[in-house]
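These notes concern the structure reproduced below.
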Amino acid sequence: MSSYTFRSSRPDGWTQPRPHQDASLRLMKYGRIQPMEEPGFFARLFGRC
């Protein structure tokens, strides 16, 4: 058995996505990075998100 893998075409972008080359491009497309958890009561009260 050989460890050589044969690929007849380029892998698609879904299986091997490429990161954005510039952080500002990602920011323009998707907006600010949002936190995973919801902000707590005091964070909402004082406007810190």
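The values are calculated or read from the model by the stated rules, or taken from the named source; none is laboratory data. In this text the structure is predicted, and so the values were computed from the model without any measurement.
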| task | Using the structure shown, decide if Leu45 is modelled with pLDDT of 75 or more and within 17 Å of the chain's Cα centre (by Cα). | result | no
| task | Residue by residue through segment 1-32, note down the ones that are at pLDDT 85 or above and in a loop (DSSP other than H, G, I, E, B). | result | Gly31, Arg32
